[in-house]
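Heads up, the thing below is written out as structure tokens.
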Amino acid sequence: MNEILWESAYFGMVLSVIYFWFGTWLRRRFPSPLVNPLLIASILTIATIVLLDIDYDAYTKGASHLTWLLTPSTVCLAVPLYRQLQLLRRHWQAIVISVGAGCVACAVTVAVMSRLLHLTPEIYHSLQPKSVTTAIALGVGTQLGGLEGIISLGVMITGLFGVVIVDVVLKLLKVTHPVAKGLAIGNSIHAIGTAHALELGEIEGAMSGLTIVVAGIMTVILAPLFSGLG
Amino acid sequence: MTYMFQFLIIAAVSFVGELLSLVVPLPIPGSVYGLLLLLVLLITGVVKLHHIEKAADFLIQIMPMLFIAPAVSVLPIFDSVADSLLAVALVCVVSTLVVMIITGVVAQALVTRKEGRKHE
């Protein structure tokens, strides 16, 4: 079976889309933060590959067509941002201060925990950029001497865990303003969070998308400064 | 034709963003340069919203689905990181909560203070 799937350029893509569609259907039936389409689709895809012993490359061959769209769709985050430009102008101080505070808090937390857990420098450097979008995280992390696998793992655990708990956390903290929600989501769970924020509303999505840029740039500057602390 | 023209603009901006990321020696991906570039083009009016809106809204709508493959991509390297999985997960969970809480609370305080002031 693997040989046939190997030849197919669509297998991985169809598998991903079906599982995502199933996840969306499941959430409509059982509306709970735990029922997240991305989380469900990722788990089902991994389970399928492992249980049916499918060649990982055969899956990637098709699924990479979807990943290829990530750059243009990230570029398009400029559209909701442009539509909400008034809010950006109005709240730029709040944006810079809150995102900056979050980035510093992240850097300190990761440094302190790495020391407490006696993590090796490689793992510490891999986790430093974990709250930014994968492409920036990989760039920053590998420059500091991190390991690619752990960088991706950190970003993914962050994204999937964050997207499941974020609504409950923000509700408990009484973070209700759409601008504040968007900033918190974008700063803690990067692009995966932004995809979720866009479902909450255009303001949330625009602010979360903006935070990918702001937090990304801040992390590029901050991470090397904190690299000796782990 | 509408979609083809719209996607052409988006693809062209992505391409220029990618070129920038190759030229500028910073670990910033092309998508981030592209986002900023498209925002500048929209603000300056070189690109109008209706030139790209339909294709852009479609691409944004399918965005969550595009993260399935990156999530699955940890599978082949799983064995090599299995030893540190627990520590990695713990650091990620705690720091994600910290960032979420700090950013959310600070932003909520600053934003509502500003909103309150306009009524004075």
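For Cα pairs less than 8 Å apart in space and 6+ apart in sequence, what is the mean separation divided by the residue count of chain A, i.e. the relative contact order in percent?
It comes to 21 percent, rounded to a whole number.
Which chymotrypsin sites (Phe, Trp or Tyr not before Pro) does the range A:52-161 hold that lie in a coil by DSSP with at most 16 other beta carbons within 10 Å? Display every interim value, and only then the final one.
Working: sites: A:TYR56, A:TYR59, A:TRP68, A:TYR82, A:TRP92, A:TYR124, A:PHE161; in loops: none.
Answer in residue order: no site qualifies.
Suppose R0 equals 51 Å. What FRET efficiency, 1/(1 + (r/R0)^6) with r the Cβ-Cβ distance, do A:LEU85 and A:ASP53 give to the nearest 0.05? Mind showing how you got there, number by number?
Details: r = 51 Å, r/R0 = 1.00.
Plugging the Cβ-Cβ distance into 1/(1 + (r/R0)^6) gives 0.50.
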Worksheet item: Okay, which of the range A:27-42 sit inside 14 Å, backbone N to the point 7 Å along the Cα-Cβ direction of B:PHE78?
Response: A:42
Worksheet item: Under a point spin-label approximation (7 Å from Cα along Cα-to-Cβ), what is the A:LEU173-B:THR112 distance to one decimal in nm?
Response: 1.3 nm
Worksheet item: Between A:GLY193, A:GLY205, A:GLY145, which gets the highest mean-square fluctuation from a Gaussian network model of chain A, Cα cutoff 10 Å?
Response: A:GLY145
Fill in: Cα-based convex hull volume of the range B:1-73 per residue, rounded to whole Å³
103 Å³
Worksheet item: If one computes the Cα centroid of the range A:139-155 and of the range A:1-69, what distance in Å separates the two points?
Response: 24 Å
Discussion item. Test of understanding: in a Gaussian network model of chain A with alpha carbons linked when under 10 Å, which of A:MET13, A:MET218, A:MET207 would top the mean-square fluctuation ranking?
Written reply: A:MET13
Worksheet item: Excluding A:SER8 itself, what net charge comes from residues whose Cβ is under 14 Å from its Cβ, given Lys and Arg +1 and Asp and Glu -1?
Response: -3
Worksheet item: When the Karplus curve 6.51 cos²θ - 1.76 cosθ + 1.60 is applied with θ = phi - 60°, which whole-Hz ³J(HN,Hα) does each residue of the range A:28-39 get, with x for Gly and Pro?
Response: 5, 6, 10, x, 9, x, 5, 8, 9, x, 5, 4
Worksheet item: For the range A:2-68, what does the alpha-carbon gyration tensor say about shape, rounded, prolate or oblate, given a ≥ b ≥ c as the root eigenvalues, a/c under 1.5 as rounded, and a/b over b/c as prolate?
Response: prolate
Fill in: A:HIS196, A:HIS118, B:HIS51, A:HIS91 arranged by Cβ crowding within 10 Å, fewest neighbours leading
A:HIS118, B:HIS51, A:HIS91, A:HIS196
Worksheet item: Between the range B:61-120 and the range B:11-46, how many Å separate their Cα centres?
Response: 24 Å
Worksheet item: When averaged across all projection directions, what area in nm² does the alpha-carbon convex hull of the protein assembly as shown cover?
Response: 18.6 nm²
Worksheet item: Which residue, B:VAL46, B:VAL72, B:VAL99, tops the fluctuation ranking in a GNM of chain B built on C-alpha contacts under 10 Å?
Response: B:VAL99
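Assuming a ≥ b ≥ c are the square roots of the Cα gyration tensor eigenvalues, decide whether the range B:75-120 counts as rounded (a/c under 1.5), prolate (otherwise, with a/b larger than b/c) or oblate. All intermediate terms of the calculation are to be shown ahead of the outcome.
Values: a/c = 10.67, a/b = 4.48, b/c = 2.38.
Prolate shape, in that a/c is at least 1.5 and a/b is the bigger ratio.
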Discussion item. What are the ³J(HN,Hα) couplings of the range A:153-159, residue after residue, when phi is run through the Karplus curve with 6.51, -1.76, 1.60 and θ = phi - 60°? Round to Hz, x for glycine and proline.
Written reply: 4, x, 5, 6, 4, 4, x
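Take every Cα pair under 8 Å in the range A:2-68 that's 6+ residues apart, average their separations, divide by the length, and report that relative contact order as a whole percent.
Value for the range A:2-68: 51 percent.
Only the coordinates and a few stated rules stand behind these numbers; no lab work does. Predicted model, so just to flag it, every value in this text is computed and none were measured. Neighbour counts run over all protein chains shown; Cβ positions are idealised from the backbone, glycine included.
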